[in-house]
Amino acid sequence: MTAAAAPLRGLVLAGGASSRMQRDKAALDYGGRSQLDRVVALARRHVTGVFVSVRADQAQDPVRAGHSLIIDTFTDGGPIAGIRSAFTRDPAAAWLVLACDLPLLSDAAIEHLIRSRDPAGFATAYRSTYDGLPEPLCAIWEPRSADALAEWVARGHKCPRKFLGAHPVTLLDPIDAHALDNVNTPEEYARARAALDQGTTREAMRIQIRYYALMREQAGRSDETVETEAGTPAALYRELGARHPFTLTPEQLKVAVNGDFSDWSRALRPDDVVVFIPPVAGG
């Protein structure tokens, strides 16, 4: 991000009707916390000023009312109304836009999106792992897109994905095949809960990491503390590889957790200290 980049705010879209789910998706429970609360907490770890986008008739809903709200000011409906309303609230800001129904979204995916941001374009977004098209609801929308969105709607269009396909945007390959899996049906909700229960994704926790030799050179530091949802050293190393130019594969490394050599599949716990140990010669 350059010095001229607009400040980045967060917008979690929670104004949908949840017709396929047959109940409010924002209120879906994951370990005692609502789906909306999970995504808001995720956004707050990366940007300041996080708002929840709602329809006017949702403003007093208890699932939403505890958050800072942006009420739709446009009648065109759908996600575009929420995005345009955010620009009305703060036209000088860029907006990290997230759908509320992304329970598998990770800190690493958000960090990669922000780090790859192109303020000169209309938006920075991931490509879908299913069809390669832009994913507009896990994307950074730049201020210059506001007027273009208004023109798009005036021409009778409402699809934000098609908007991104027709305008200059930066598209990224996803670093996690399932991070953008959304939950629209009871069956998808059950699969997401199962994934969380199996530890393929989990609540963010603080992990301390120490680097030596080649790893220290490539990370540009000797240690760091990260917030991560990685459940194992293997998953953690994949996340770190999106931040640092590591060249060694897990097969070339040993891993230690809290001072003891460990298996790559060991379950991580909050405040663990992890060390990835390269070969002595760094090769």
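What FRET efficiency comes out for the pair THR73/GLU224, r = Cβ-Cβ distance, R0 = 41 Å, nearest 0.05?
Efficiency for this residue pair is about 0.50.
Largest first and in whole Å, give the semi-axes of region 32-138's equivalent ellipsoid, each being the square root of 5 times a Cα gyration tensor eigenvalue.
So the equivalent ellipsoid measures 22, 18, 14 Å along its semi-axes.
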*Set the Förster radius R0 to 45 Å, insert the Cβ-Cβ distance between PHE261 and TYR130 as r into 1/(1 + (r/R0)^6), and round the FRET efficiency to 0.05.*
0.70
*Take the alpha-carbon positions of region 102-197, form their convex hull, and give its projected area averaged over all directions (one quarter of the hull surface) in nm².*
6.8 nm²
_Computed Rg/Rh of region 164-257, alpha carbon atoms with Kirkwood Rh_ = 1.05
*What ranking of SER116, SER85 emerges when the number of other C-beta atoms within 10 Å of each C-beta is taken as an exposure proxy, fewest first?*
SER116, SER85
*asked:* Can you compute the helix-only [θ] at 222 nm over the chain? Use -39500 (n - 2.57) per DSSP H run of at least 4 residues, normalise by all residues, nearest 500 deg cm²/dmol.
replied: -8000 deg cm²/dmol
*To one decimal place, what orientation-averaged projected area in nm² is obtained for the convex hull of the Cα set of the chain?*
15.6 nm²
*Which whole-number value in Å³ per residue fits the convex hull of the alpha carbons of region 205-283?*
79 Å³
_Neighbour-count order for TYR212, TYR126, fewest beta carbons within 10 angstrom listed first_ = TYR212, TYR126
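Read-outs: derived from the displayed coordinates by stated rules, not from any lab. Small disclaimer: the values here were computed from a predicted structure and weren't measured. Cβ: placed from backbone, ideal geometry, glycine included. Neighbour counts: every protein chain shown.
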